[in-house]
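Enquirer: Shown below is the structure under consideration.
Just so you know, all these numbers are worked out from the coordinates, no wet-lab data involved. No experiment lies behind these values; they were computed from the predicted model shown. Note: ideal-geometry Cβ built from the backbone for every residue, glycine included; neighbour counts use all protein chains shown.
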Amino acid sequence: MDRIKKALTEKGKKVFIPYIMAGDGGLEALKERLIFLQNSGADAIEIGIPFSDPVADGPTIQKAGLRALAHGTTVKKVLKDIAAYKTEIKVPLIFMTYANPVIAYGIEAFATDAANAGISGCIIPDLPLEEEDLVLAPFEQNDLALIRLVTLTTPKERIRKIAATATGFIYAVTVTGITGSRTKFSDDLAEFLSYVKSVSSVPVLAGFGVSTAEQVEEVCRHCDGVIVGSKIIDLFEQDNLEEMKKLILSVEKI
Amino acid sequence: MTTKAYNLPDEKGHFGNYGGRFVPETLMEAVLELEKEYNRAMIDKDFHTELQKLMKDYVGRETPLYLAGNLTEHSGGAKIYLKREDLNHTGAHKINNTVGQALLAVRMGKRKIVAETGAGQHGVATATVCALLKLECVIFMGKEDIRRQQLNVFRMELLGAKVVSVDAGSGTLKDAVNEALRYWVTNVRDTHYILGSVMGPHPFPKMVRDFQSVIGKETKQQFFEKEGKLPDALVACIGGGSNSIGLFYPFIEDESVAIYGVEAAGLGLETDKHAASLTKGKPGVLHGAMMYLLQDEDGQIQEAHSISAGLDYPGIGPEHSHLHDINRVHYESVTDEEALDAFQLLSKLEGIIPALESAHAIAYAVKLAAGMSKEENIVVCLSGRGDKDVQTIQARIGGQE
């Protein structure tokens, strides 16, 4: 059963997935933030696990990761923490981390423990199609979806290949670059998103560089929803929960 | 395991369990394109002609294989030959790779180059070839390395490159690679990344090895002309591992040749201030490849330490990781102190001031030679010259006296 796909499609609306860094503000802040995001209308929540060398991330998420590491955040602690209150979280939880923390934990143990903690999927930005075999079998056995990414530089033929056996949703990267706010998207974004949508049987969500309600509306015209990271982290930093709520609810009006 | 018919990497870029292409999707197309272009270039006569012409007339190859008589006498055992990569244009082996990659970039129509640098040798070699071929050049360099290698920063700027200081992390080579990768992700459409070592995603470890293996090919022929046989042992220092693989690769199938890679033990393997990725690390993924890494139990990459900026890297190329596992190459380590002694020893005995990186290889070779017979021979890769390190040494020796 594809829990993520089901949760993202059953309401028949555009979806919003916020990203937060586990352990930013201390691991004790995680539960409170997850519940706040769930109550604010998040359709699923992406939880970053910090890594010392996050090459796909821009300054905001890099700094959040360093703060989380300074608080002593580890995969083990995050999994144990979430497992304790998993029944209170109804929306799907998706991990985003890099290959090395998963390898160091032990891939099979990671898949089992993540499933036990109620995690539905995992995004590993430095694990392209060519290297997926490393995790695929244990992930499948534990019903943990491996969320794939497509980007503006991915040729059409490759997009079709990635979409053919995608699970959960497809993460469409809206910029040629790293995570973080942008003022403007490139001209080929609409065509790109529409193409991904046309070949995908799972929802297509746009992320990287989406930070305002206007941008949410703009990209949602061509896909099924958005993932917002750096902006959510900034708003938690500023303790601006009202603004965050408004941003999450911006998908309801589309 | 025998290496009689050694033919790695496989087509996915794996050396046994190591290597691969662990990069963000945005880079995959560029990495696949590079592989195709590299394969095309390898069977293109014109490419080889152009490369060889530059290697001879611009870089100054071939470099001499020099019998270090005084050092041999001092060691009291095997004869020590030095492969003089320090005599290349720009003073190190790094240019063997940058010339090749820059020619590939031009073939791919990419006129902008990004690179990382640790000690600055790769940055200088990249900036140099970019000046020659009229390519735009951005070099990322850790803040700490900029402090340690001021002269090389100025050199790169003289050559027309833009040097960007990297503040993140420990401000050394690892962090410079992170930033160079992020820059490449953002500018991949018109930019080629000239990686400086046998690391990163496939095809870099293979391609850099192939460009650097000119070291070993020349050595084999020169040694045969002098001694009429194969050397008994090879020694080279290892940070990411490019000069060493360049020397070793043409000898991998010659199982009578003992091969030694020398890592930086920094303040000592018993401390946490070293760069001995193979001796003290475990396999993991960083900068696009599976390889041995210095990391904690949660998979966070640890900072490496060495007195030589060029060895200050917490990983070791995937092919070295594999050659370690199959026991074809012996990986040893040498401390900052031992390297400093060797630095002075070679300067005094042979009138050759080695790079601090290469001094690690010298230190090990002297120990190794002492335990071998006078009929045996060792070839050491003298990967670079020490001009860039003179200030560091002066401060260090001055402080001691």
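Enquirer: Largest first, please: the extent of the C-alpha atoms of the range A:95-140 along each principal axis, to the nearest Å.
Expert: On the principal axes, the range A:95-140 reaches 27, 19, 19 Å in Cα extent.
Enquirer: Okay, moving on. Any aspartates and glutamates with Cα under 18 Å of the residue B:374 Cα? List them, leaving off those in the same chain fewer than 8 positions away.
Expert: By straight Cα distance, residue B:374 reaches B:73, B:227, B:232.
Enquirer: Among B:274, B:330, what is the fewest-to-most ranking by other Cβ atoms within 10 Å?
Expert: Details: B:274 27, B:330 15.
The fewest-first ordering by Cβ neighbours comes to B:330, B:274.
Enquirer: Something else: So what's the back-of-envelope 222 nm ellipticity for the protein assembly as shown, counting only DSSP H runs of four-plus at -39500 (n - 2.57) apiece and dividing by all residues, rounded to 500?
Expert: Counting only the DSSP helices, I get -13000 deg cm²/dmol.
Enquirer: Which one of B:259, B:333, B:321 is farthest out on the positive end of the charge dipole of the range B:246-341, using unit charges on Cβ (Lys, Arg +1; Asp, Glu -1) and the Cα centre as origin?
Expert: In the range B:246-341, that residue is B:321.
Enquirer: A further question follows. Please report Rg (one decimal) and Dmax (integer) in Å for the Cα set of the protein assembly as shown.
Expert: 25.8, 85
Enquirer: Still on this structure, I have one more. Taking the Cα centroid of the range B:1-38 and of the range B:321-400, what is the distance between the two, rounded to the nearest whole Å?
Expert: 31
Enquirer: Where the centre of each part is set by its Cα atoms, how far does the range A:139-189 sit from the range B:62-141, in angstrom?
Expert: Value for the Cα centre distance between the two parts: 38 Å.
Enquirer: Grab the alpha carbons of the range A:1-94, take their convex hull, and tell me the volume per residue in Å³.
Expert: Convex hull volume per residue, Cα atoms: 117 Å³.
Enquirer: Report the trypsin sites (Lys or Arg not before Pro) located in the range A:27-99 that are in a DSSP loop and have at most 15 other Cβ atoms inside 10 Å of their Cβ, or state none.
Expert: A:90
Enquirer: Within the range B:4-78, report the GluC sites (Glu not before Pro) that DSSP leaves as loop and that have at most 11 other Cβ atoms within 10 Å.
Expert: Qualifying residues, ordered by number: B:11.
Enquirer: Right, next: Based on the alpha carbons, how large is the Rg to Rh ratio for the range A:2-246 when Rh follows Kirkwood?
Expert: 0.92
Enquirer: Kirkwood Rh over alpha-carbon pairs of the range A:141-254, then Stokes-Einstein at 25 °C and 0.890 mPa s: what D in µm² s⁻¹, rounded to an integer? Walk me through the numbers before you get to the answer.
Expert: On the way: Rh = 14.7 Å.
Roughly 167 µm²/s, to the nearest whole number.
Enquirer: Continuing with the same structure: Using only C-alpha atoms and all pairs of different ones, pull out the Kirkwood radius for chain B in Å with one decimal.
Expert: The Cα-based Kirkwood calculation yields 20.7 Å.
Enquirer: Can you report the principal axis dimensions of the range B:315-401 using only the alpha carbons, biggest first, rounded to whole angstrom?
Expert: Projected onto its principal axes, the Cα set of the range B:315-401 covers 44, 36, 20 Å.
Enquirer: If one puts a single equal scatterer on every Cα of the range B:1-139 and applies the Debye formula without solvent, what log₁₀ I(q)/I(0) results at q = 0.21 Å⁻¹?
Expert: -1.30
Enquirer: While we're looking at this one, here's another question. For the range B:155-301, report the translational diffusion coefficient in µm²/s to the nearest whole number, using Stokes-Einstein at 20 °C, 1.002 mPa s, and a Kirkwood Rh over Cα pairs.
Expert: The diffusion coefficient I find is 122 µm²/s.
Enquirer: Test of the criteria: in the range B:287-365, which GluC sites (Glu not before Pro) are in a DSSP loop and have at most 10 other Cβ atoms within 10 angstrom of their Cβ?
Expert: Taking the range B:287-365 and a limit of 10 other Cβ atoms within 10 Å, the loop GluC sites (Glu not before Pro) found are B:297.
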